[in-house]
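What follows is a single structure, written as structure tokens, with notes after it.
The values are calculated or read from the model by the stated rules, or taken from the named source; none is laboratory data. The structure presented is a predicted model; accordingly, all values stated were derived computationally and were not measured. We place every Cβ from the backbone using ideal geometry, glycine too, and count neighbours over all the protein chains shown. Heavy atoms of the whole protein, side chains included, go into the accessibility calculation; ligands, DNA and RNA do not. Shrake-Rupley method; radii C 1.70, N 1.55, O 1.52, S 1.80 Å.
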Amino acid sequence: MSDWQETTLGRIARIIPGYAFKSEDFGCHGYPIVKITHIVPPNVQINDNEKVNISNYKNIDKYQLQKGDFVVAMTGATIGKVGRIRTNSIAYLNQRVAKIEAKKDLSDNDFLYFLVSNMKFTKYIESFSSGSSAQANISGSDIERFPICIPELVEQRRIAAILSALDNKIDLLRRQNATLEHLAQTLFTRWFVEFEFPNEVGQPYKSSGGAMVASEFGEIPVGWRFSKIGDKVKFLGGGTPSTKEPAYWEAGKIVWYSPTDLTKNNRLYSLDSGKHITELGLQKSSAKLFPAYSLLLTSRATVGEIAINTQKACTNQGFITLIPNEKFSVYFLHGWLKTQLRQIRNLASGSTFPEISKAVFGKLDIVIADQKTMDCYFNVTKPTYQKIENNINQIQTLTRLRDALLPKLMSGQIRVTA
């Protein structure tokens with residue numbers, strides 16, 4: 001590593017803090033704006049972002065973001081977090097977010113991305129920031145002073161190629177899962193909302209003249225009916241053991257979810273939780289153990305996050321957990337729950353934060369189809385959900401490999417030769 005150069009980030013990269021666009025120029029038309037909240041490592045989200053009309057601004061090209069660009073949060077609880085744009089969208093950089101751009105004759109842009117994705121950079125930013133944890137701040141010059149040690153450009157590119165290959169595979173699996181989830185939800189809607197499940201000869205039921213009867217929610221297939229979810233499916237709340245009692249937590253092996261586990265991972269299947277409790281902690285709290293492949297719904301503060309657990313688990317009090325049964329599989333319940341999210345969020349209330357109670361949730365309506373159709377839906381959708389789970393397992397394996405390699409490659413502990 002003696003041939004690596006000691007320098008600072010500002011010597012080999014441009015730090016471009018975002019522009020203070022006027023709030024009156026935000027709206028539904030124009031280009032997406034990237035704010036701190038859109039940095040969800042390792043990505044920058046560009047889905048439902050506010051848009052800005054840039055026709056009122058001059059000389060703002062340097063604030064434009066494209067695929068491959070990466071940014072860092074400069075303020076607040078997520079300070080130092082890095083995200084990259086992985087779509088072909090064009091966006092613009094808002095204030096308190098900085099773009100890091102390689103000086104092409106000195107550094108490789110992909111290498112720089114992995115350099116600042118390293119925990120070393122995060123710790124530097126956290127130690128250098130000023131203000132409270134919720135309102136910490138860093139400047140562009142603070143980022144520029146980050147001390148680094150880098151190899152020649154050719155080795156930078158070799159290192160970046162290895163890590164990029166892993167990142168690209170992870171991103172491919174994530175996008176594949178998004179497509180699979182969309183297909184599964186489309187099928188649920190087709191069968192149980194539009195009533196176009198296959199009839200006896202494989203044709204869409206309703207449009208092929210299938211018999212329909214009146215119900216309080218409109219026409220439904222003959223033999224079908226509506227009921228309340230609370231009358232057909234068991235669901236549980238949760239609880240938190242006292243954090244003042246170490247015996248409830250130390251060396252705990254029982255998976256215990258908080259809403260952060262779902263919002264942080266943003267995956268349909270959850271393989272584990274950030275915290276675990278002991279058997280005593282379970283006994284001494286209102287937390288309840290439920291089987292693997294139940295359906296978790298966050299029910300307070302951040303309402304409407306969903307996950308399927310792959311291990312026996314329990315939750316804190318911010319959840320409603322549905323327990324599948326012979327009639328209602330986890331695949332069916334997931335599809336149904338997705339159709340109810342808007343109503344669930346509308347029903348959530350509370351003076352401190354929004355929350356939907358188990359009593360209110362239990363009154364939601366669920367369609368009850370004949371068992372043959374339910375069994376058929378299970379068999380058709382099972383391979384899709386299994387593929388999603390398998391992809392998530394691969395993502396976890398690849399992420400662990402990437403995270404193990406990254407600091408070693410960035411420090412020169414592992415060298416990449418021709």
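Quick notes on this structure:
- Annotation: aspartates and glutamates with alpha-carbon distance below 13 angstrom to Lys327 (same-chain offsets under eight excluded): Asp231, Asp370, Asp375.
- Prolate/oblate/rounded call for segment 299-418, Cα gyration tensor, a/c under 1.5 rounded: oblate
- Degrees, to the nearest 10: 330-347 long Cα axis against longest axis of the chain: 80
- Between segment 221-250 and segment 154-183, the alpha-carbon centres lie 36 Å apart.
- In the list (1) 25.8; (2) 20.7; (3) 22.2, the label attached to mean projected area of the Cα convex hull in nm² as derived from the coordinates here is (1).
- For the chain, averaging the sequence separation of C-alpha pairs within contact (under 8 Å, six or more residues apart) and dividing by the residue count gives a relative contact order of 15 percent.
- Extension gain, Thr243 back to Glu181 (0.36 nm per residue minus Cα-Cα distance, nm): 18.6 nm
- Segment 1-147: C-alpha gyration tensor shape, a/c 1.5 cut-off, then a/b vs b/c: prolate
- Rounded FRET efficiency, nearest 0.05, which uses the C-beta distance separating Glu126 from Asp48 and R0 of 25 Å: 0.30
- Modelled spin-label separation between Glu144 and Thr8, with each label point placed 7 Å from Cα along the Cα-to-Cβ direction: 0.7 nm.
- Net lengthening on full extension, Ser286/Val416 (0.36 nm per residue, minus Cα-Cα): 41.5 nm
- Helix 153-192 and the long axis of the chain differ in direction by around 20°, with both axes built from C-alpha atoms.
- Of the whole protein surface, Trp191 contributes about 20 Å² of accessible area at a 1.4 Å probe radius.
- Gain on full stretching of the segment that runs from Asp105 to Asn88 - 0.36 nm per residue minus C-alpha separation: 3.6 nm
- Once both labels are positioned 7 Å from their Cα atoms along Cα-to-Cβ, the gap between His29 and Lys338 label points is 3.3 nm.
- Coupling constants for segment 3-17 follow from the phi torsions by the Karplus curve (6.51 cos²θ - 1.76 cosθ + 1.60, θ = phi - 60°), and in residue order they are 8, 7, 9, 7, 7, 10, 4, x, 6, 10, 8, 9, 9, 10, x Hz; glycine and proline get x.
- Pairs of Cα atoms nearer than 8 Å and 6+ residues apart set the relative contact order; for segment 152-278 it is 12 percent.
- DSSP-defined antiparallel bridges as percent of all bridges, segment 192-312, nearest 5: 75
- Computed over segment 80-229, relative contact order equals 13 percent, with contacts defined as Cα pairs under 8 Å that lie 6+ residues apart.
- For Glu126, solvent-accessible area (1.4 Å; no DNA, RNA or ligand), Å²: 100
- The largest accessible area among Val154, Val367 belongs to the first residue in Val154, Val367, and the rest follow in falling order (1.4 Å probe, all chains).
- Derived scalar couplings between HN and Hα for segment 320-329 equal 10, 10, 8, 9, x, 9, 4, 7, 10, 6 Hz in order, rounded to whole Hz, by the Karplus curve 6.51 cos²θ - 1.76 cosθ + 1.60 (θ = phi - 60°), x for Gly and Pro.
- Within the chain, helix-based [θ] at 222 nm, where runs of 4 or more DSSP H residues each add -39,500 (n - 2.57), nearest 500: -11000 deg cm²/dmol
- Using heavy atoms of the protein chains and a probe of 1.4 Å, the accessible area assigned to His29 is about 150 Å².
- Taking amide hydrogens as placed 1.01 Å from N in the peptide plane, the amide H of Met212 sits under 5 Å from those of Val222, each at least 5 positions away in sequence or on another chain.
- The angle between the Cα long axis of helix 371-411 and the longest principal axis of the Cα atoms of the chain comes to about 20 degrees, rounded to the nearest 10.
- Gyration tensor verdict on segment 1-40 (Cα atoms; rounded if a/c is under 1.5, prolate if a/b is larger than b/c, oblate otherwise): prolate
- Rounded to whole numbers, the Karplus 3J(HN,Hα) couplings from phi for segment 201-215 are 10, x, 9, x, 4, 5, 6, 9, x, x, 5, 10, 10, 6, 9 Hz, using 6.51 cos²θ - 1.76 cosθ + 1.60 with θ = phi - 60°, and x at Gly and Pro.
- Within straight-line cross-link reach of Lys35, lysines at Cα separation under 25 Å, skipping those fewer than 8 residues along the same chain: Lys22, Lys51, Lys58, Lys62, Lys67, Lys81, Lys99, Lys103, Lys120, Lys123, Lys264
- Here the spin labels are modelled as points 7 Å beyond Cα on the Cα-Cβ line, and at Thr260 and Lys62 they lie 3.7 nm apart.
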